[in-house]
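Notes follow once the structure below has been shown.
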Amino acid sequence: MQLTPDLQKQLIETAIQVRQWSYAPYSKYRVGASLLTASGKIYDGANIENAVYPLGLCAERVTLFKAVSEGERDFTAMVIATENAGMPCGSCRQVMAEFGLTMRVIIVDATGKIHHESTVADLLPGAFTPKDLI
Ligand code: THU
């Protein structure tokens, strides 16, 4: 599915909305993500922390794993929303790269203002991908 201006708007609104479901009692840093699949579906997710700190999971991976666990493999775009338009962590960039380097990644703040827009390839130059294993 092509990323039309309408879909981009929908993705941004979704990523902002889903921050309300963030479970971040420790960091208080609420992250929301939305994901457009090639099939045209939109998935969303928020970060989930844990009293055993390392067990928490970023919003980007929650969202990607929700989609992948429902059979999705091809992704067009991901929007990530935080208060201050923080960038995705290295682990999330690697998980994004597993499913392709061309996905667009758009970083917005809590008002929906776009602060950064690129592709997974830009975010993770020289990525180790499934192709490296065969
Ligand atoms: N976090 C994300 O959800 N995505 C990122 O890319 C960076 C960090 C979460 C993890 C943790 O719950 C909180 O933000 C503070 O690191």
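What accessible area per residue, rounded to a whole number of Å², is obtained for the chain using a probe radius of 1.4 Å?
54
Looking at the chain, identify the longest residue range that excludes and avoids all chymotrypsin sites (Phe, Trp or Tyr not before Pro) in DSSP loops having at most 11 other Cβ atoms within 10 Å.
The answer is 27-127.
Given a Förster radius of 35 Å and the C-beta distance between GLN20 and ILE134 as r, what FRET efficiency does 1/(1 + (r/R0)^6) yield to the nearest 0.05?
The computed FRET efficiency comes out at 0.25.
Between PRO88, PRO54, PRO25, find the one with the highest GNM mean-square fluctuation for the chain; connect C-alpha pairs within less than 10 Å.
Result for the chain, Cα springs under 10 Å: PRO54 fluctuates most.
Filter the trypsin sites (Lys or Arg not before Pro) in segment 19-104 to those in DSSP coil with at most 10 other Cβ atoms within 10 Å of their Cβ, and list the result.
Listed in order of number, the matching sites are LYS28.
For the chain, what ratio Rg/Rh do Cα atoms give with a Kirkwood hydrodynamic radius? Write out the running numbers ahead of the final one.
On the way: Rg = 13.9 Å, Rh = 14.7 Å.
Rounded to two decimals, Rg/Rh equals 0.95.
What's the center-to-center distance, using Cα atoms, between segment 90-130 and segment 8-37 in Å?
16
Quick one: how many lysine pairs in the chain have C-alpha atoms under 28 angstrom apart, if they're 8 or more apart or on different chains?
Lysine pairs satisfying the spacing and distance rule in the chain number 11.
Quantify, in whole percent, the carbon and sulfur part of the accessible surface of segment 9-93 (1.4 Å probe; protein heavy atoms only). Write out the running numbers ahead of the final one.
Numbers: 2260 of 4190 Å².
Carbon plus sulfur share of accessible area: 54 percent.
The values are calculated or read from the model by the stated rules, or taken from the named source; none is laboratory data. Please read all numbers here as calculations on a predicted model, not as lab measurements. Because the Cβ atoms are built from the backbone with ideal geometry, glycine has one as well, and the counts that use them run over all protein chains shown. Side chains included, ligands, DNA and RNA excluded: accessible areas come from the protein's heavy atoms. Shrake-Rupley method; radii C 1.70, N 1.55, O 1.52, S 1.80 Å.
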